[in-house]
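Visitor: Before anything else, here's the structure in question.
Just so it is clear, none of the values below were taken in a lab; they were calculated from the coordinates. Worth saying up front: this structure is predicted, and the values here are computed from it rather than measured. Cβ coordinates were reconstructed from backbone atoms using ideal geometry, including for glycine residues, and neighbour counts include every protein chain displayed.
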Amino acid sequence: MELYDTIFKRKSIRKYSRGKLSKELLEKINKIVKNTDRLYNDINMQVHMIEDGESIGKIISGIIGSYGKIKAPHYLLVSSEEKEGYLENIGYTLEYVVLQLTKMGIATCWIGGQMKKKLVKDIIKLEKGQLPILLISFGYPEEKEVLLRNPEKIKRKDLSEIVVGDIDETWTKILNAARYAPSAVNSQPWRFIVDNEQNAIHACVIRRKNIITKHFLEKTNMIDIGIALRHIDIAAKYFSKDIEFKKIEFNKDKNYIYITSIVEKNSLE
Ligand SMILES: Cc1cc2nc3c(=O)[nH]c(=O)nc-3n(C[C@H](O)[C@H](O)[C@H](O)COP(=O)(O)O)c2cc1C
């Protein structure tokens, strides 16, 4: 299975078999984490492998909230310095790892929510300035769970609801990959504004006005857009489009928070 195909077939798995992955596999995953490119290289983000999933049980119950408890044999705990773009950077980087794990037949679930810093300290020592941000559970799925989904059965918004403007066939395929991205409570906050004048597509997230959704989703939605940008990057490569992400000036809409723009390399020169 190509990495591109995992975008459409991966689903969150919350029930795991108790069996641990082999040392070799855990090492391989550590290597993938280490070699994965990032959205922003100037942000100090760290990924900590928690081999003994049992040890994380007590911080899990504190952070899961309405989602219910997830018990996995292993976790990745992601920490970062708090700097502009740090959440998108996490989404972008870790989604690559998640899709690679899917390709290896390993189940995953992003676990956001409020992490209790105090309890994290009992499990790992974070460097000064590093904030614990989220967990990714992983392992083999429980016997009754199926690792992959039928892409036709996915619950996602229509492309017309997330893209503003007209795009050609290839860009339709590329943005369709973003449409499949996982997001916190499946909130799908990403919007893509087509700018024909500048040959760019501006990636944004919807601005939350409701005080409750703002409180719960504003930050996590930044991780979500990072995940969607990774899907775009993988799909663009698959369709041989040489793209880059860069911030450019345009007439912004106050309903959206601007993140970055997708441009074909050299098209702005
Ligand atoms: C940033 C982020 C945080 C998430 N947090 C949780 C969580 O705390 N608990 C949980 O069960 N699922 C969590 N999820 C999984 C989403 O609920 C799931 O991706 C979404 O409902 C779409 O389902 P799918 O991944 O199976 O396509 C999270 C997903 C993302 C991207």
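Visitor: As an exercise, identify the trypsin sites (Lys or Arg not before Pro) in segment 74-158 lying in DSSP coil whose Cβ has no more than 10 other Cβ atoms within 10 Å. Before the final figure, lay out the partial values.
Guide: Values: sites: K83, K103, K116, K117, K118, K121, K125, K128, K144, R149, K153, K155, R156, K157; in loops: K83, K116, K125, K128, K144, R149, K155, R156, K157.
Passing both the DSSP loop test and the Cβ count: K125, K128, K144, K155.
Visitor: I would also like to ask the following. Under a cut-off of 19 Å between alpha-carbon atoms, report the lysines in cross-link reach of K265, not counting same-chain residues fewer than 8 places apart.
Guide: K173, K237, K241, K246, K247
Visitor: Report the semi-axes of the equivalent ellipsoid for segment 50-185 in whole Å, largest first, where each axis is √(5λ) for an eigenvalue λ of the Cα gyration tensor. Don't jump to the answer; show the numbers that get you there.
Guide: Working: eigenvalues 178, 80, 34 Å².
Taking √(5λ) for each eigenvalue gives 30, 20, 13 Å, largest first.
Visitor: Points 7 angstrom from Cα along the Cβ direction at S187 and S22: gap in nanometres?
Guide: Between S187 and S22, the label points sit 4.1 nm apart.
Visitor: Only loop residues by DSSP count here, and only those with at most 13 other Cβ atoms within 10 Å; note down the trypsin sites (Lys or Arg not before Pro) in segment 221-264 that meet that.
Guide: On the way: sites: R230, K237, K241, K246, K247, K252, K254; in loops: K241, K247, K252, K254.
Passing both the DSSP loop test and the Cβ count: K247, K252, K254.
Visitor: What whole-number distance in Å separates the alpha-carbon centres of segment 66-95 and segment 143-178?
Guide: A separation of 23 Å, based on Cα centres.
Visitor: Take the chain, connect every pair of alpha-carbon atoms lying under 10 Å apart with a spring to form a Gaussian network, then pick out the residue of V163, V146, V205 with the largest mean-square fluctuation.
Guide: Comparing V163, V146, V205 in the GNM, the peak value goes to V146.
Visitor: With axes computed from alpha carbons, what is the tilt in degrees of helix 169-179 against the longest principal axis of the chain, rounded to the nearest 10 within 0 to 90?
Guide: Taking the Cα atoms of the chain, the angle to 169-179 is about 30 degrees.
Visitor: List the GluC sites (Glu not before Pro) in segment 152-204 that DSSP assigns to loop (not H, G, I, E or B) and whose Cβ has at most 14 other Cβ atoms within 10 Å. Which are they? Display every interim value, and only then the final one.
Guide: Working: sites: E152, E161, E169, E197; in loops: E197.
Counting only loop positions with at most 14 other Cβ atoms within 10 Å, the GluC sites (Glu not before Pro) in segment 152-204 are E197.
Visitor: Let me ask something else. Any idea what the dipole of segment 155-264 comes to, in debye rounded to 20, about its Cα centre with Lys/Arg Cβ at +1 and Asp/Glu Cβ at -1? Display every interim value, and only then the final one.
Guide: Details: 18 positive and 15 negative charges, 144 e Å.
The dipole magnitude comes to about 680 debye.
Visitor: Over the chain, with a Gaussian network built from C-alpha contacts below 10 Å, which listed residue (L147, L159, L25) shows the highest mean-square fluctuation?
Guide: L25
Visitor: Counting alpha carbon pairs within less than 8 Å and at least 6 residues apart, what relative contact order, in whole percent, applies to the chain?
Guide: Working: 473 pairs, mean separation 58.5, N = 269.
Answer for the chain is 22 percent.
Visitor: With bins 10 Å wide starting at 0, give me the P(r) of the chain over every alpha carbon pair, in whole percents.
Guide: For the chain, the binned pair fractions read 6, 30, 37, 21, 6, 0 percent.
Visitor: Taking the Cα centre of the chain as origin, sum charge times position over the Cβ atoms of Lys and Arg (+1) and Asp and Glu (-1), and report the length of that vector in debye to the nearest 20.
Guide: On the way: 45 positive and 36 negative charges, 277 e Å.
The calculated dipole for the chain is roughly 1320 debye.
Visitor: Separate question: I'd like to know which of V33, N89, M104 lies farthest towards the positive end of the charge dipole of segment 3-139, counting +1 on Cβ of Lys and Arg and -1 on Cβ of Asp and Glu.
Guide: M104
Visitor: For the chain, what does -39500 (n - 2.57) per DSSP helix run (n ≥ 4), summed and divided by total residues, give at 222 nm, in deg cm²/dmol to the nearest 500? Can you show the working numbers first?
Guide: Working: 8 runs with 95 residues, N = 269.
Calculated mean residue ellipticity at 222 nm is -11000 deg cm²/dmol.
Visitor: Continuing with this model, one more query. For the chain, find the longest principal axis of its Cα atoms and tell me its angle to the long axis of helix 23-35, 0 to 90°, nearest 10.
Guide: Roughly 30 degrees between the two axes.
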